[in-house]
Structures are given as structure tokens and as C-alpha cells.
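Structure record follows, encoded as C-alpha cells.
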2 protein chains.
Amino acid sequence: MALIVQKFGGSSVADAERIFRVARIITKTYDAGNNVCVVLSAQGDTTDDLIAKAAEINPDASRREMDMLLACGEQMSVALMAMAIEKLGYPVVSLCAWQIGMATDSVHSAARIRTVDCERLREELDKKRIVLVAGFQGVNRHGDVTTLGRGGSDTTAVALAIALKASVCQIFTDVDGVYTADPRVVPDARKLPEITYDEMLELATLGAQVLHNRSVELAKSYGVPLEVRSSFTGNPGTMVKEVVNDVEKTYITGVAQDKKIARLAIFGLADVPGVAFRVFSLLANSRINVDMIIQSTGREGRKDIVFTVPEKDASFCRQLLEQNRTALDFERLEINTDVAKVSIVGAGMQENAGVAARMFEALFQEQINIHMISTSEIKVSVFIDRADADRAVRVIHEQFFR
Amino acid sequence: MALIVQKFGGSSVADAERIFRVARIITKTYDAGNNVCVVLSAQGDTTDDLIAKAAEINPDASRREMDMLLACGEQMSVALMAMAIEKLGYPVVSLCAWQIGMATDSVHSAARIRTVDCERLREELDKKRIVLVAGFQGVNRHGDVTTLGRGGSDTTAVALAIALKASVCQIFTDVDGVYTADPRVVPDARKLPEITYDEMLELATLGAQVLHNRSVELAKSYGVPLEVRSSFTGNPGTMVKEVVNDVEKTYITGVAQDKKIARLAIFGLADVPGVAFRVFSLLANSRINVDMIIQSTGREGRKDIVFTVPEKDASFCRQLLEQNRTALDFERLEINTDVAKVSIVGAGMQENAGVAARMFEALFQEQINIHMISTSEIKVSVFIDRADADRAVRVIHEQFFR
């Protein structure tokens with residue numbers, strides 16, 4: 001008998017109708033003879049509503065109390081889902097983090113899971129109950145409620161799959177798998193039956209937004225197979241695992257784009273050692289996530305540094321750099337939010353020369369100007385004008401998948 | 001340094017403005033040099049909203065899952081209040097039942113508290129933190145969430161006051177104390193500075209609705225002084241304790257009324273032993289709370305039984321009795337919801353003859369007809385037409401307090 005961990009996000013449990021749709025997916029899995037452990041997020045806008053309530057009272061509330069408040073969202077979800085599954089006539093039990101020993105560190109609002117004590121979980125599964133676990137939350141060693149931050153419920157699901165040695169961890173979303181490109185941009189994008197953890201990590205980072213990186217990294221570390229599936233269709237999804245059968249020998253797995261970025265250019269920095277260190281340690285201390293960095297020599301013993309950050313951090317970055325203008329000693333700062341990053345990802349490109357060249361060729365033929373280029377072992381990213389992004393994804397996809 | 005337990009109900013924390021009003025009451029108590037432990041109910045309509053959500057999904061949801069759902073209401077309250085107190089600049093921590101070892105039995109939705117493990121509470125109080133505890137909830141020995149049922153948060157507060165050996169347990173409500181009669185009915189009703197537990201118990205049972213009986217009984221068992229205060233005015237409230245200084249030597253403490261009752265009359269029962277037993281064990285098995293009972297001999301070897309129940313249970317009672325008509329062997333059933341109970345309560349009446357007579361005299365002079373009479377050591381209750389109830393309270397109050 002297999003043990004399957006399933007995770008459903010907030011939009012999948014947003015109202016009574018959707019809760020019953022999910023309940024039927026769960027009971028169908030149970031009827032097929034599996035042990036089922038399910039992780040749920042908070043319903044629809046619950047978390048946002050709770051954050052708004054807190055902001056009205058104290059915008060600078062401690063993270064400890066925010067976690068205490070937000071954890072209620074997932075607790076309500078699992079209780080309501082349990083009621084729906086009871087209604088369908090199945091044995092079920094809902095559990096919070098503190099009831100299953102989901103132990104985390106004490107970094108409130110961004111806690112990391114340390115251990116899961118499976119005793120209660122095993123006990124309930126042995127009783128042939130469907131077990132519902134509140135995602136996103138944990139308990140630290142002081143017995144305080146913590147939350148896991150972004151991608152929290154996915155991470156809960158993978159952690160449970162590891163602890164329970166599940167045969168698969170199914171992540172249900174509103175898309176039915178990982179595609180070679182965003183189907184809204186490229187109508188003939190194909191669904192991938194399989195993809196490696198590393199490819200999934202690159203795609204997640206590059207804005208494919210199917211799975212959160214953190215859960216993929218965790219799954220990779222412990223070799224837990226992930227499956228991305230739709231909670232709306234019954235179709236098989238995409239398996240994420242260590243090695244895939246690349247029968248079709250395509251060199252790349254997918255084309256991704258990210259429009260939520262900004263490019264910052266610092267012109268006329270002193271050309272002395274330690275300049276890059278000072279700039280980027282300043283940003284790192286404020287937890288700004290810098291992506292691509294290019295440094296070039298400018299005129300008269302000066303140099304320029306260009307880099308990209310999430311668009312939401314752009315204006316804070318400008319402030320930070322302006323405040324430290326004297327210490328950093330630069331001439332001019334330029335921020336450009338009219339850019340996008342388009343990338344190809346594929347483990348196959350390691351053994352195949354010329355993949356990048358084929359990508360650039362496609363862009364050249366379409367007269368799309370490349371501002372910056374960044375590569376890793378399994379991806380090639382280009383920065384282009386945001387207005388060109390969708391077109392770029394289409395021509396690159398056509399180049400590799402036609 | 002005194003330790004004070006304070007409890008605020010759902011209407012006292014219904015919105016941000018009220019939360020801050022309560023936060024200032026709490027911090028003022030803290031500033032006066034006290035250790036403060038505060039119990040909160042769920043905000044305003046939160047519990048009703050959660051019940052409605054559950055009903056939409058499964059009206060017959062298990063009580064175990066209902067408790068899991070409803071406990072969120074109090075958890076959200078304490079987290080939000082903690083944020084308000086943080087905003088005012090005070091050290092504070094919110095805690096749920098499972099974090100303070102609020103151990104109950106396993107009767108979901110009507111659990112009884114067994115023990116409170118004070119370790120965490122003491123630890124937080126020793127750190128000079130204001131401690132906020134989610135009321136109404138507990139944990140059973142399996143580690144499942146329970147709720148305490150009606151009057152739950154009052155009971156949580158009294159249990160904490162007992163466990164922490166608090167000097168007083170202050171129950172904040174929307175009235176500023178216990179009055180000699182409902183001030184909305186009797187404009188010149190007086191606030192009582194003190195009242196005994198027994199008097200408070202009779203008044204609570206009789207519909208004064210200031211404190212729930214269960215918390216008063218618990219406070220009486222352990223001799224914890226209770227104080228009923230208003231969360232809207234800063235006025236001193238009413239102390240509830242074992243012995244009061246009855247300086248004014250009034251025989252009665254207050255006049256109470258209860259309009260939410262129904263009178264059932266069963267006519268023509270067989271006049272043989274065991275009839276009353278069969279009728280009332282039938283009702284007791286369905287957890288119907290029968291109040292006053294009168295039995296009289298009717299005609300031809302038959303007898304009649306008249307009794308009162310909460311109005312909400314009346315139609316269920318009728319069904320139950322009709323279903324068992326053959327077994328119980330009666331002729332006719334009559335239900336009357338147009339009745340009210342008016343009572344006088346006072347420990348002083350034990351040593352003073354003629355108190356009941358003075359009450360009846362007041363009613364006679366006002367030409368109010370008495371249907372039934374019931375007495376205990378410290379109270380006299382009469383059943384009258386509901387339309388006469390307010391007038392009866394006024395004339396009785398005038399008789400004793402003019």
C-alpha cells in the first residue's frame with residue numbers, strides 16, 4: 001500500500017464548492033487503496049485579510065504575533081476540509097503543526113523545518129484515516145507558533161513526504177503541469193511528462209511560478225519524487241525527479257520569462273579593489289536579492305556595474321545607493337524597469353554545444369535586442385526590453401520545439 | 001505584587017478601536033504594578049461566521065472538527081490584542097490552550113477543564129510580560145483541540161485565577177456590575193458593591209445574564225473572588241465572594257426575570273408510582289433542562305404535571321412527549337410560551353420571614369396573576385404572564401428597595 005502526500009493551495013479550497021472538489025480528489029486517492037496525507041494552505045484571501053486586520057492595529061507587529069495570527073488560516077482550512085470529507089463518509093482527522101511535532105527554528109515568518117515527529121501521523125494513518133495537515137506553520141523549541149514564509153505549504157508537504165517516506169508528493173495547482181513555455185504566451189507549448197529537479201529549480205527561479213524553489217530543493221536533497229498536477233482536471237501532471245528519460249532528445253526543457261525585474265546601472269565607480277564587495281554587501285545586508293551582475297571598465301579609470309533586482313525592490317535600492325553615494329564614490333545611477341528576462345533551461349544543453357547560439361539566432365531574426373546575457377550549466381538567460389518578452393518566448397520556443 | 005486575571009468578551013474586542021480600549025485597561029492594570037494575565041473571547045461575530053461556514057459544508061460535522069475550527073476565533077483575538085499592546089509599548093505574549101497545558105476531558109464542544117500546567121504562564125509572568133490567553137479552548141489527553149461550550153471564556157479565566165492563585169478574577173462585560181434589577185426595566189435599580197456566590201448563582205440561573213453559572217460555581221469551589229466590571233467605563237464593579245458585608249440589611253439582593261421559558265402541562269397521567277420518573281428521565285436523556293415542576297391530582301385517579309423548560313427546547317419537548325404518548329399514558333399536552341419567571345434572590349431571606357409574602361403582596365396590588373411558585377433557601381420565583389413581567393419586576397423592586 002502506497003503512501004501519497006497531496007498538497008492543495010489556497011485557490012483550490014477558496015469556497016465550499018472547491019473544497020468538495022478537492023475532497024473528492026482526496027477520497028478517490030484513498031479509494032484506490034493508498035494511505036493519504038494532505039497538506040492545505042489557507043483559503044483564498046484569508047491570509048491577506050488577516051494581514052490587513054493586523055496592519056490596522058499595528059503595522060509593526062512582532063513576527064511572533066503575526067505567525068500566531070496567520071497560522072489560523074491553515075487551521076481553518078483543514079477543519080473545513082475534514083468536515084467535507086466527513087460529509088462524503090470517509091474517516092478523517094485534521095492536525096496542526098504542534099500536533100505533529102513540525103519542529104522549526106525560531107525565525108518567525110521565515111522558519112525552516114528541523115524535524116517532523118511522525119508518531120501521531122503514523123497512528124492516524126494506521127487507523128486508516130485520511131490525515132489533513134495545516135501547511136505553512138511550525139512550532140519552535142519554546143512551543144511558539146512559527147510560519148515558514150513563501151512557498152511554506154509546498155515545503156510542509158515535501159517535509160512530510162520525506163518524514164513518512166511517501167512514494168510521491170503531489171502538488172496540486174491551477175495549472176496541470178510544467179510546460180515548455182507559458183501556454184498563455186505560446187499556444188502550442190507542450191506539457192512535460194518529466195523534468196529534473198535542477199531544471200525545475202532553474203525554471204522556478206526564472207519565473208515559471210509552478211513550484212517554489214525551496215520545496216524543490218528539499219525534494220532534491222532527499223530524492224522525493226514531486227508531481228505537479230491540476231486540482232481542476234483529472235489529467236496526469238509533470239513528474240519532477242533526479243533523472244528523466246529524455247526519449248525525445250530535445251536539448252532544452254522549457255522557455256521561461258520574468259517581467260518583474262528591474263535593471264540598475266551604477267556609472268563611474270572608482271576602479272579599485274573592493275568596489276563590487278562594498279556595493280553588493282550593502283544590498284545583501286538589506287536582503288535584496290541581486291540576480292545578474294555585469295561589470296565593465298568605463299572611461300578614465302572608472303568602471304560601471306549593471307545588475308538586476310526584483311522590481312519591487314528597485315526604489316528601495318535607489319534610496320540605499322543614493323544614501324551611500326559618498327562612501328561608494330560613483331557618478332551616476334540609472335534604474336530601468338522596462339526590462340524582462342527570458343531564459344532557456346535544459347539539462348541536455350551541457351552535452352550540446354551551440355544551444356545558446358540557436359537562442360541568439362532566433363532573437364536576431366526577430367530583431368530583438370539583447371542587453372545582457374547570463375549562463376549557467378543548464379540555462380541561458382537574456383535581458384531584453386519588456387515589450388519584446390512575449391515575442392521572444394514564442395520565437396525561442398519555435399526554434400527548439402517546432 | 002498582585003496577580004490579576006482579566007477576561008474580556010467578544011463585543012469588547014470586536015474592532016480595532018475596542019481592542020485599543022481594552023489594551024489600555026490592561027496596560028493600566030500592569031502600570032499599577034500588577035502581574036496581568038488576560039483571557040479573551042473571539043471577536044464579535046467571528047464564532048457565528050465560522051459556524052455558518054461549517055454549516056454550509058457539513059451541518060453534521062463532527063464536534064472534534066468544529067472545535068478545531070472554532071478555536072481559531074480566540075487565537076486570532078489574542079494575537080491581535082498582543083499587536084495592540086506591542087503598539088502601546090508593553091511586553092506581551094499571546095498563548096493558546098495547548099501552550100499552557102489547559103487540559104480538558106474529551107467531550108468536544110462541552111469539555112471540562114481538568115488541570116492547568118502553569119510552567120509557561122509563570123515563566124512569561126516572571127519575565128514581566130502581559131500574558132494573553134485564548135479563552136474557550138482546551139486540549140484533551142490525545143492532543144486534540146476541545147472547546148468548553150457556553151460560558152467557556154469565563155471558565156478559562158476562573159481556572160487560570162485558581163491555578164495562578166490570583167488575587168482577583170475580573171470579568172469585563174458591557175454592564176458595569178450586578179444590579180438589584182435590570183436597569184433597562186427598573187430605572188432606579190442600584191448597583192450592588194458586593195454579592196455572594198450563591199446569590200450570583202441564583203441570579204445567573206434566573207436570567208440576569210451577567211456571569212455564566214459554570215464560572216461562578218468554579219470560583220465558589222476554590223474561593224476565587226470575582227469582579228464584574230464594565231470594559232467601557234472605569235467604574236468599580238460588583239465583587240462576587242463568599243461572605244459580604246450586608247450593611248444595609250436588605251433582605252433581598254436583586255430581582256431577576258427570565259422571558260425565554262415555556263410551560264408544558266401534561267394532563268391525565270395515570271396516578272401510579274414511577275410516572276414522574278418516566279417523564280423526566282425521558283427529558284433528561286435528551287439533555288432538556290427542566291426547571292420548575294408542579295404535580296397535582298386531577299380527576300378520576302389521574303394526575304397532571306406542569307413544568308418549565310427553556311423556550312428553545314419547547315417544540316422538541318412536544319415531539320418527544322408525543323412520540324412516547326402510549327408509553328407515558330397521558331390524555332393531553334399543552335404548551336404555553338407566553339410565560340415569564342420573575343424571582344427575588346437574597347441570602348438575607350433565610351433569617352427573615354415574610355419575604356415571599358411581601359413579594360406576593362406587591363404582585364396582588366398590581367393585579368398580576370401568579371401561575372406557579374417555586375422557592376429555594378435564597379430565592380422565590382413566580383411564573384406569570386410574559387406581558388406582566390417588566391411591570392412585576394418594577395413593583396417588586398419598589399417593594400424591597402424603595
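For helix B:63-87, what angle does its Cα long axis make with the longest principal axis of chain B, in degrees from 0 to 90 and rounded to 10?
Value to nearest ten degrees: 50.
What percent do you get for the relative contact order of chain A when only Cα pairs under 8 Å and 6+ apart count?
In percent, rounded to a whole number, it is 13.
Using a basic spin-label model with each label point 7 Å from the Cα along Cα→Cβ, how many nm lie between A:Gln367 and B:Asp126?
Rounded to a tenth, the inter-label distance reads 7.7 nm.
Just to check I understand the Karplus step: with θ = phi - 60° and J = 6.51 cos²θ - 1.76 cosθ + 1.60, what whole-Hz values come out for segment A:11-17, glycine and proline as x?
Running phi through 6.51 cos²θ - 1.76 cosθ + 1.60 with θ = phi - 60° gives 6, 6, 10, 5, 9, 4, 4 Hz.
What average count of beta carbons from other chains do you get within 10 Å of the Cβ of residues in B:60-73?
Partner-chain Cβ atoms within 10 Å, mean over residues of B:60-73: 6.
In whole Å, what three semi-axes, largest first, describe the equivalent ellipsoid of segment B:6-76 built from its Cα gyration tensor (square root of 5 times each eigenvalue)?
Whole-Å semi-axes of the equivalent ellipsoid: 31, 13, 6.
What's the exposure ranking of A:Met81, B:Met292, B:Met66, going from fewest to most Cβ atoms within 10 Å?
The fewest-first ordering by Cβ neighbours comes to B:Met292, B:Met66, A:Met81.
Under a cut-off of 24 Å between alpha-carbon atoms, report the lysines in cross-link reach of A:Lys379, not counting same-chain residues fewer than 8 places apart.
The reachable lysines, counting only those whose Cα sits under 24 Å from A:Lys379, are A:Lys191, A:Lys220, A:Lys241, A:Lys249, A:Lys259, A:Lys260, A:Lys341.
Order these by the 10 Å Cβ neighbour count, fewest first: A:Thr147, B:Thr27.
Placing the least packed residue first, the sequence is B:Thr27, A:Thr147.
With axes computed from alpha carbons, what is the tilt in degrees of helix B:314-323 against the longest principal axis of chain B, rounded to the nearest 10 within 0 to 90?
50
Could you list log10 I(q)/I(0) for segment A:3-173 at q = 0.09, 0.13, 0.20 Å⁻¹, which the Debye formula gives when each Cα is one point scatterer?
Log10 of I(q)/I(0), two decimals: -0.27, -0.57, -1.30.
Which Cys in the protein assembly as shown stand alone, with every other cysteine's Cβ at 4.7 Å or more from theirs?
Cysteines of the protein assembly as shown left without a disulfide-compatible partner: A:Cys37, A:Cys96, A:Cys118, A:Cys169, A:Cys317, B:Cys37, B:Cys96, B:Cys118, B:Cys169, B:Cys317.
Under a cut-off of 17 Å between alpha-carbon atoms, report the aspartates and glutamates in cross-link reach of A:Lys303, not counting same-chain residues fewer than 8 places apart.
The reachable aspartates and glutamates, counting only those whose Cα sits under 17 Å from A:Lys303, are A:Asp271, A:Asp329, A:Glu331, A:Glu334.
Return a whole-number percent for the relative contact order of segment B:3-173, with Cα pairs under 8 Å and 6 or more residues apart as the contact set. Please list the in-between numbers first.
Values: 357 pairs, mean separation 51.6, N = 171.
It rounds to 30 percent for segment B:3-173.
Between A:Ala32 and B:Asp117, what's the calculated FRET efficiency when r is the beta-carbon distance and R0 is 30 Å? Round to 0.05.
Taking R0 as 30 Å, the efficiency between A:Ala32 and B:Asp117 is 0.10.
Counting only DSSP beta bridges with both residues in the protein assembly as shown, tell me the antiparallel percent, nearest 5.
Roughly 60 percent of the beta bridges in the protein assembly as shown run antiparallel, per DSSP.
Under the classification rounded if a/c is under 1.5, otherwise prolate if a/b is larger than b/c and oblate if not, where does segment B:42-140 fall, given a ≥ b ≥ c as square roots of the Cα gyration tensor eigenvalues?
Oblate, since a/c reaches 1.5 and b/c is not below a/b.
Can you say what percent of the DSSP beta bridges in segment B:3-173, counting only those with both residues inside, are antiparallel? Round to 5. Mind dumping the intermediate values first?
Numbers: 6 of 26 bridges.
Around 25 percent antiparallel, to the nearest 5.
Which angle from 0 to 90°, rounded to the nearest 10, does the C-alpha axis of helix B:355-365 make with the longest principal axis of chain B?
Here the helix axis deviates by roughly 70 degrees.
Does segment A:210-325 come out rounded, prolate or oblate by the C-alpha gyration tensor, with a ≥ b ≥ c the root eigenvalues, rounded set by a/c under 1.5 and, if not, prolate when a/b is larger than b/c and oblate if not?
Cα axes put segment A:210-325 in the prolate bin.
Given the Cα-Cα distance of B:Ala284 and B:Asp60 and 0.36 nm per residue of separation, how much length would full extension add, in nm?
78.4 nm
Could you bin all the Cα-Cα distances of chain A into 20 Å bins starting at 0 and give me the percent of pairs in each, rounded to whole numbers?
25, 51, 23, 1
Where both residues lie in chain A, what percent of DSSP beta bridges are antiparallel, nearest 5?
Numbers: 45 of 73 bridges.
In chain A, approximately 60 percent of DSSP beta bridges are antiparallel ones.
Compute the signed sum of charges (Lys and Arg +1, Asp and Glu -1) over the other residues within less than 12 Å, Cβ to Cβ, of A:Gly152.
Numbers: positive: A:Lys7, A:Arg112, A:Arg150, A:Arg214; negative: A:Asp67, A:Glu74, A:Asp154.
Value of the local net charge: +1.
Describe numerically, in nm with one decimal, the distance between label points set 7 Å from Cα along Cα→Cβ at B:Val272 and at A:Ala14.
Placing both labels 7 Å beyond Cα along the Cβ direction yields 6.7 nm.
Using DSSP loop states and a limit of at most 16 other Cβ atoms within 10 Å to flag GluC sites (Glu not before Pro), what is the longest stretch of chain A containing no flagged site?
Working: sites that count: A:Glu242, A:Glu248, A:Glu300, A:Glu331, A:Glu366, A:Glu377.
Longest stretch, sites excluded: A:1-241.
Using 5 Å bins from zero, what percent of all Cα-Cα pairs in segment A:284-332 falls into each bin?
5, 16, 25, 28, 18, 6, 1
Which residues' amide hydrogens lie under 5 Å from the amide hydrogen of A:Ala262, considering only partners 5 or more residues apart or on another chain, with H built in the peptide plane?
A:Val309, A:Glu311
List the residues, sorted by chain then number, that are 5 or more residues from B:Met102 or on another chain and whose placed amide H is less than 5 Å from its amide H.
So B:Met102 has HN proximity to B:Asp117, B:Val139.
Please give the residues of segment B:112-149, grouped as numeric ranges, whose backbone N is less than 20 Å from a label point set 7 Å along the Cα-to-Cβ vector of B:Asp105.
B:112-117, B:136-149
Between B:Ala52 and B:Glu217, take the C-beta separation as r, use R0 = 45 Å, and let me know the FRET efficiency to the nearest 0.05.
In this case the efficiency is close to 0.90.
Starting from segment A:144-211, pick out the trypsin sites (Lys or Arg not before Pro) whose DSSP state is loop and whose Cβ has at most 14 other Cβ atoms within 10 Å.
A:Arg150, A:Lys165, A:Arg184
Taking N as the number of residues in the protein assembly as shown, what value does Rg over Cα atoms divided by 2.2 N^0.38 Å take?
Normalised Cα radius of gyration, the protein assembly as shown: 1.23.
Per-residue ellipticity at 222 nm for the protein assembly as shown, helices alone: DSSP H runs ≥ 4 residues times -39500 (n - 2.57), over residue total, nearest 500 deg cm²/dmol?
That calculation yields -10500 deg cm²/dmol at 222 nm.
In terms of modelled amide H atoms, which long-range or inter-chain residues lie less than 5 Å from the amide H of A:Ser94?
The list, which skips near neighbours in sequence, is A:Leu132.
Please give the Cα centre distance for segment B:1-48 versus segment A:93-157, rounded to the nearest Å.
Centre-to-centre distance over Cα atoms comes out at 30 Å.
What list of ³J(HN,Hα) values in whole Hz, one per residue of segment A:218-231 in order, does the Karplus curve 6.51 cos²θ - 1.76 cosθ + 1.60 (θ = phi - 60°) give from phi, with Gly and Pro shown as x?
5, 4, 4, 4, 9, x, 7, x, 9, 10, 8, 9, 8, 8
For an R0 of 60 angstrom, estimate the FRET efficiency from the Cβ-Cβ distance between B:Glu334 and A:Arg318 and round to the nearest 0.05.
Numbers: r = 83 Å, r/R0 = 1.38.
Taking R0 as 60 Å, the efficiency between B:Glu334 and A:Arg318 is 0.15.
Since every read-out is calculated from the coordinates, none of them should be taken as a lab result. For clarity, every value in this text was computed on a predicted model and none was experimentally measured. When we count neighbours, we look across all protein chains shown, and the Cβ atoms used for this are built from the backbone with ideal geometry, even at glycine.
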